[in-house]
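The values are calculated or read from the model by the stated rules, or taken from the named source; none is laboratory data. Since the structure is predicted, the reported quantities are computational estimates derived from the model, not experimental observations. Methodologically, a virtual Cβ is constructed for each residue, glycine included, from the backbone with ideal geometry; neighbour enumeration extends over all protein chains shown. All accessible areas refer to the heavy atoms of the entire protein, side chains included, with ligands and DNA or RNA removed. Shrake-Rupley method; radii C 1.70, N 1.55, O 1.52, S 1.80 Å.
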2 protein chains.
Amino acid sequence: MTVLPSAGSESDREMLAVALAEARAGLAEGGIPIGGALFAADGTLLGRGRNRRVQEDDPSIHGETDAFRKAGRQRSYRGTTMVTTLSPCWYCSGLIRQFGIGRLVIGESRTFTGGHDWLADDAGVEVVLLDDPDCVRMMTDFIAARPDLWNEDIGVD
Amino acid sequence: MTVLPSAGSESDREMLAVALAEARAGLAEGGIPIGGALFAADGTLLGRGRNRRVQEDDPSIHGETDAFRKAGRQRSYRGTTMVTTLSPCWYCSGLIRQFGIGRLVIGESRTFTGGHDWLADDAGVEVVLLDDPDCVRMMTDFIAARPDLWNEDIGVD
């Protein structure tokens, strides 16, 4: 099943703003502009983060894995929502599935589509795809400017 | 398709010994005994690592992600082999798929089965499942001793 874009709720858009601020901070640092944030069921922010491949020379830190890491050790991810500016790659989709993160809010999937349909179909994740124009513009500009770095980050050689 | 255990090659068993040494070092530190290593096509060790949830209070560092991180930024993973003492969870399976790691050598999948059949079927990864008795014993003992910590590490609540 292909997840179709929707307007989402006001709270979804507010959560996306946190991830987008992370992505923009990453861009200002010379990094890859992808941000993420993990929220508890009651809306509490558990962790926020951004891709740190360039900043920390670390290929294992994508926006979602950084948000997950910053949230620290949790006994359960029941009811949590992961928000990300870009459709999660297989690595980050696997994270969401393994830890039972039940909801995923995505800024856009025009510039890249990872595993979000798989999460919806095979793992029962509620996926909200926002098609946010600011997210689309940011990644479009970045990919045009730094195709080498972008391909490195998603393992395209 | 279910990947069946095999004896593997001598080089597979030598690579597993590196991951097993990492897992044992983690156990000695009070951590979760899962180790990994990433090798280039010519057999060069690129990175080795272990689960660091306890040691660094970091839920994002599994054996495979630590080995990947320790290998640093790579322009291509073509021809690489990921070796792990235990069947990779969805998070680590997603890593292998996203970065195009073509070969996976697994110590055992008796105590836990993650996404290795999916990698073989849907991502064309060559999977070697060794069914190593030392790996089985180590994880069996660990899970019996620390079921709470084990469940936390795989997101079972």
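Considering only residues that are crowded, with 17+ Cβ neighbours inside 10 Å and closer than 16 Å to A:R50 by Cβ, which ones fall in segment A:109-142?
Hits for segment A:109-142 are A:C135, A:M138, A:M139, A:F142.
Here is a list of conditions, (1) under 14 Å from the mean Cα position of the chain (by Cα); (2) away from every other protein chain (no Cβ under 12 Å); (3) charged (D, E, K, R); (4) surrounded by fewer than 24 Cβ atoms within 10 Å (Cβ to Cβ), and A:R69 meets all of them except one; can you say which number that is?
(2)
How do the pairs read when you match residues in segment A:95-110 that are closer than 16 Å to A:A17 by Cα with residues anywhere that are among the acidic types (D, E), using Cβ under 6 Å and keeping only pairs 6 or more apart or on different chains?
Final answer for the pair search is A:V105/A:D12; A:G107/A:D132; A:E108/A:D131; A:E108/A:D132.
Out of A:E64, A:E108, A:E152, I need the residue that is of a type in the set (D, E, K, R), within 11 Å of the chain's Cα centre (by Cα), within 11 Å of chain B (Cβ to nearest Cβ) and closer than 24 Å to A:L27 by Cβ. Which one? Break it down stepwise before answering.
Numbers: A:E108 fails: within 11 Å of chain B (Cβ to nearest Cβ); A:E152 fails: within 11 Å of the chain's Cα centre (by Cα).
That would be A:E64, the only listed residue that is of a type in the set (D, E, K, R), within 11 Å of the chain's Cα centre (by Cα), within 11 Å of chain B (Cβ to nearest Cβ) and closer than 24 Å to A:L27 by Cβ.
Given the structure, is A:R97 within 13 Å of another protein chain (Cβ to nearest Cβ), closer than 21 Å to B:I154 by Cα and buried (at least 20 other Cβ atoms within 10 Å of the Cβ)?
So A:R97 passes the test.
Restricting attention to segment B:32-45, and to residues there that are open to solvent by less than 50 Å² (accessible area, probe 1.4 Å) and either free of Cβ contacts under 8 Å to residues at least 24 places away in the same chain or more than 13 Å from the chain's Cα centre (by Cα) (or both), which single residue is farthest from A:N151 (Cα to Cα)?
Within segment B:32-45, the match that is farthest from A:N151 (Cα to Cα) is B:G43.
Within segment A:1-31, which residues are free of Cβ contacts under 8 Å to residues at least 40 places away in the same chain, in a helix (DSSP H, G or I) and either of a type in the set (F, W, Y) or open to solvent by less than 30 Å² (accessible area, probe 1.4 Å) (or both)?
Of everything in segment A:1-31, just one residue is free of Cβ contacts under 8 Å to residues at least 40 places away in the same chain, in a helix (DSSP H, G or I) and either of a type in the set (F, W, Y) or open to solvent by less than 30 Å² (accessible area, probe 1.4 Å) (or both), namely A:G26.
Only one of these is free of Cβ contacts under 8 Å to residues at least 40 places away in the same chain and at the interface with another protein chain (Cβ under 9 Å from one of its Cβ atoms): A:R48, A:R75. Name it.
A:R75
Of (1) farther than 14 Å from A:L20 by Cβ; (2) surrounded by 19 or more Cβ atoms within 10 Å (Cβ to Cβ), A:D148 satisfies all except one. Which?
(2)
Do you know which residues across segment A:78-93 are within 8 Å of another protein chain (Cβ to nearest Cβ) and within 20 Å of A:R24 (Cα to Cα)?
If the condition is that a residue be within 8 Å of another protein chain (Cβ to nearest Cβ) and within 20 Å of A:R24 (Cα to Cα), then A:C89, A:C92 are the ones that fit.
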